[in-house]
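In what follows, a single structure is set out as structure tokens and then discussed.
The values are calculated or read from the model by the stated rules, or taken from the named source; none is laboratory data. Nothing here was measured: the structure is a model prediction, and the numbers come from that model. Here the Cβ is made from the backbone with ideal geometry for all residues, glycine too, and neighbour counts use every protein chain on show.
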Amino acid sequence: MILSQELKESTRNNSERLSPSSWNEASRVVRGFTTEPAFIEALGSEGVSPTDSTTVEYANALSAYAESYYSVYGQDESTDPNQSTQIRLLASAPRLIHSQKEINFYQSEGKKRNLTTEEKTYCNSFKPYLVWYNQLLSDYDFANPTGKMSEMSKALTEQSLLSFPYDSPLVESSIRKRMRGARTEAVSQQLLSRTSLDYSPGTANDDLQGGDVIVIHKGLRIKVDLKSSLDPIATIRGGYDKIFKDRICYAISKKASNHGNKENYVIVLFPGFTDSDLGDSLGLHLPEKDMQSRAENIERQIRLAFRELRL
């Protein structure tokens, strides 16, 4: 959606009226978008009904409107960037659910039959958006380690249910999955920042290939896929025996198409904390000694993986 000058002016006026300081305030801003004359006009120009918030077109328009709002409101140096991120996450949540719903459908179909090339391409077209949303969530978690998971979950779920009033199981499971994964990435990066490893968050393309974070080692960009439990590592290794025997919590994902290129391998890593360690918090809160110990264990695991890869 290409936004008119009137729409941009409307978002500017809206930002001057209200600066959100909580998820509740951010929710009010997003719900206020839907009654803005400029938003309704923009919907009409795209042939989208302003009375039906359940369509994918409506969800896309709301997400685009929030991005325009962010371009005005979020770039103000006097504004807390976390507040505008809340608005973007809320306004884009319905589009996230629509995207996840499409992916779920084709993944289910793929178990019954061979998908056509066109169907695979269509299904994959939604994945970059999911990656973008995950990264926005993770960035918010990283910047707000004292935030509450329950507050974020309630706000995102309630906003999404406005567009999916009869699909609460899908909404709740999708939001929970995204939040859990994003929190794991954010806390892992908080621990990685305490190590001597040269790392950075993965790009959208890296993420699509399993690279939640990238560790630079001997000039190579090595992808690290962060997991919330040991189960994926045990699956790759064929069981828990080696994990418990050698006290390791990583595995190397090897694909037939690697052809010896070490940058195509992925280190699948369980960073050593669970949901019970985090509780309702977006960050890990432990004594300094314990935080450093966990960070050192992550570095040890990654360096063991380098050795296994003969780097």
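For the range 152-162, the criterion of a residue being farther than 25 Å from D52 by Cβ, at pLDDT 95 or above, within 16 Å of the chain's Cα centre (by Cα) and not in a loop (DSSP other than H, G, I, E, B) is satisfied by at least one position.
When the test is whether a residue is assigned to a loop (DSSP other than H, G, I, E, B) and either at pLDDT 85 or above or in contact with a helix residue (DSSP H, G or I) (Cβ under 8 Å, 6 or more places away or on another chain) (or both), T35 passes it. For the range 104-129, residues that are free of Cβ contacts under 8 Å to residues at least 60 places away in the same chain and either among the charged types (D, E, K, R) or in contact with a helix residue (DSSP H, G or I) (Cβ under 6 Å, 6 or more places away or on another chain) (or both) total 11.
Only residues that are small (G, A, S) and in a helix (DSSP H, G or I): list them for the range 273-293, please.
S276, S293
Looking at T54 and the list (1) touching a Pro at 6+ places or on another chain (Cβ under 9 Å); (2) surrounded by fewer than 22 Cβ atoms within 10 Å (Cβ to Cβ); (3) in contact (Cβ under 8 Å) with a residue 12 or more places away in the chain; (4) part of a helix (DSSP H, G or I), which single condition is not satisfied? The one condition T54 does not meet is (4). For the range 168-227, the strands (runs of 3 or more DSSP E) that sit wholly inside it and include 3 or more residues that are under 15 Å from L269 (Cα atoms) and not acidic (D, E) are 213-217, 220-226.
Scanning the range 236-256 for residues that are surrounded by 17 or more Cβ atoms within 10 Å (Cβ to Cβ), in a loop (DSSP other than H, G, I, E, B) and not β-branched (V, I, T) yields one hit, C249.
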